[in-house]
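Rule-based calculations on the coordinates, nothing more; no lab input. Treat the numbers as computed from the prediction; the structure is a model and nothing was measured. Because the Cβ atoms are built from the backbone with ideal geometry, glycine has one as well, and the counts that use them run over all protein chains shown.
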Amino acid sequence: MKHLLNTLSLGLMLLPGLALSDTRSLSLPEGNDLAAELRGDVAMPLLNDERAPLSMSWALPPDQDLQAPAPAKAESRGYWLETTGEALNRGLNLATSAPGALLRINALAAPGERASPESLLVDPARLELLVGQTRYQGREAFALAARGEVDADSLILAGASAMRINPARGFGPFQLRSREPLPAARRYLVQVHEPASRLVLRAQAGSDAYVHGQTLSLSAELSQDAKTLAAKSAQGALLAPDGRRFDLKLERDAAGRWQAKLPLGMSAASAPGLWELELRTTGLVPRTLRSAVAIASPTARLGKELRLSSAAAGEPWRLSVPVRTALPGRYELTALVYGQDAAGQWRPAALSSSAAWLEGRGELVLKLEPSVLQQNGLRPPYALRELRLTDQSRLGLVQRQHLDLKLEQ
């Protein structure tokens, strides 16, 4: 079914220099489209209050791959846990499934505490590794991560220490113990990453982006050597940028994968940023995973009636799109335009954008210049294939609509 239906032609006489105007209707969202009913319950402060309107278009490389973005796939060969200085003094139980696991320990400052990173650092030289009844220290226990095996910028941070378990120690259960007493009440984050492990937790959301009012879906699998495994238990949660947590109900399907659905009926985040999906499995060797997902509040929505006008040859097309807003803000409309190459194949031609401050009901107008569309040798007919509406004041994609609107003069 075509996404855009021609509902009315004004039938103006084709006199030289006189514009022809068409009114079109957007169809209902389907497939990978993104839309929901308007919501104005957003407590987030405005991140962009620019009032000046802006309109521009730019050519795209014809060979650019502009397929609909696939949901990100996340995978984990490790896990993390919070513990205390008391547990590290006594001996913290860890489990690994492959030799050479990487460890990172972060001391967590208490709320309101003003401590220097140096005072929180756990010195790897003061740690030991217990394998059964045998104690290993220094190089016998750990080796610093070599360049290329781990990203030092992400692993060795202020207040953190990182080390690699000596591969000669093998894998399985270990105890990590501090030989010098750490503050018993101090909390620590211990991360275990196993680059060589074949035990992998994978997860993927059902879409690359959501808006409140839709239902988030998630699929996850624990596998080893491409064989799906059963974990002792699995828990999941959706984490908001403002710190709220929403538990996911995970259910196993016939293939052994976990599936979850969560209606996004909660209020919008009061802080900017991506939401995160968190999964945790338990068993002989645990796995934890976090994956970012974009969730925006539908603070605006495209109207149903679009007005396309064109003038004489060489003049730009203008696409006027009504917009309804639940909250004042700066909104941007972007259109993806395709053209035909010499073989008659559809290729990306240009992106056109229009942004303005809107309150209540307003309109955004895209100006499509033939010179831009023809810049890379593509020729008419041209076609608008996708519209995106973004809330620039709150940094969220609030609507995505696929269509097939031909531009012909």
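Just a few scattered comments:
- Placing +1 on the Cβ of every Lys and Arg and -1 on the Cβ of every Asp and Glu, with nothing else charged, gives the chain a dipole about its Cα centre of roughly 960 debye.
- Within segment 190-348: Cβ-based charge dipole about Cα centre, in debye rounded to nearest 20 (Lys, Arg +1; Asp, Glu -1): 300 debye
- Taking every DSSP bridge with both residues inside segment 202-296, close to 90 percent are antiparallel.
- Quotient of the Cα radius of gyration of segment 202-296 and 2.2 N^0.38 Å, N being its number of residues: 1.10.
- Highest-first arrangement of 369-381, 202-214, 387-399, where packing means the average Cβ count within 10 Å: 387-399, 202-214, 369-381
- For the chain, the residue among GLY273, LEU88, LEU302 whose Cα projects farthest onto the positive side of the dipole built from Cβ charges is LEU88.
- In percent, rounded to a whole number, the relative contact order of segment 219-260 is 41, using alpha-carbon pairs under 8 Å and six or more apart.
- Relative contact order of segment 202-296, defined on C-alpha pairs under 8 angstrom at six or more residues apart (%): 33 percent
- If R0 is 35 Å, the Cβ-Cβ spacing of ARG244 and GLU359 corresponds to a FRET efficiency of close to 0.75.
- Rounded to the nearest 20, the size of the Cβ-charge dipole of segment 202-296 about its Cα centre is 260 debye, with Lys and Arg at +1 and Asp and Glu at -1.
- Highest average packing first - 176-184, 76-84, Cβ atoms within 10 Å: 76-84, 176-184
- Entry note, the chain: the mean residue ellipticity at 222 nm calculated from DSSP H runs of n ≥ 4, each adding -39500 (n - 2.57), is -500 deg cm²/dmol after division by the residues and rounding to the nearest 500.
- Sum of side-chain charges, VAL372 neighbourhood, beta-carbon under 15 Å (Lys, Arg +1; Asp, Glu -1): +2
- Separation of segment 48-77 and segment 164-190, taken as the distance between their Cα centroids, equals 44 angstrom.
- Considering only alpha-carbon pairs that sit under 8 angstrom and 6 or more positions apart, the relative contact order computed for the chain is 23 percent.
- Using a Förster distance of 22 Å, the FRET efficiency for ARG114-LEU81 (Cβ separation, nearest 0.05): 0.25
- Scaled to the globular estimate 2.2 N^0.38 Å, the Cα spread of the chain, given as radius of gyration, is 1.28.
- Förster radius 30 Å - calculated FRET efficiency between ASN48 and ARG379, Cβ distance, rounded to 0.05: 0.20
- Ranked packing of 276-283, 295-302, most packed first, by mean Cβ within 10 Å: 295-302, 276-283
- Within the shell defined by Cβ-Cβ distances under 13 Å, the residues around LEU130 carry a net charge of +3, with Lys and Arg each +1 and Asp and Glu each -1.
- Table column - 3J(HN,Hα) (Hz), segment 354-359, Karplus curve with 6.51, -1.76, 1.60, x for Gly and Pro: 9, 10, 6, 7, 10, 9
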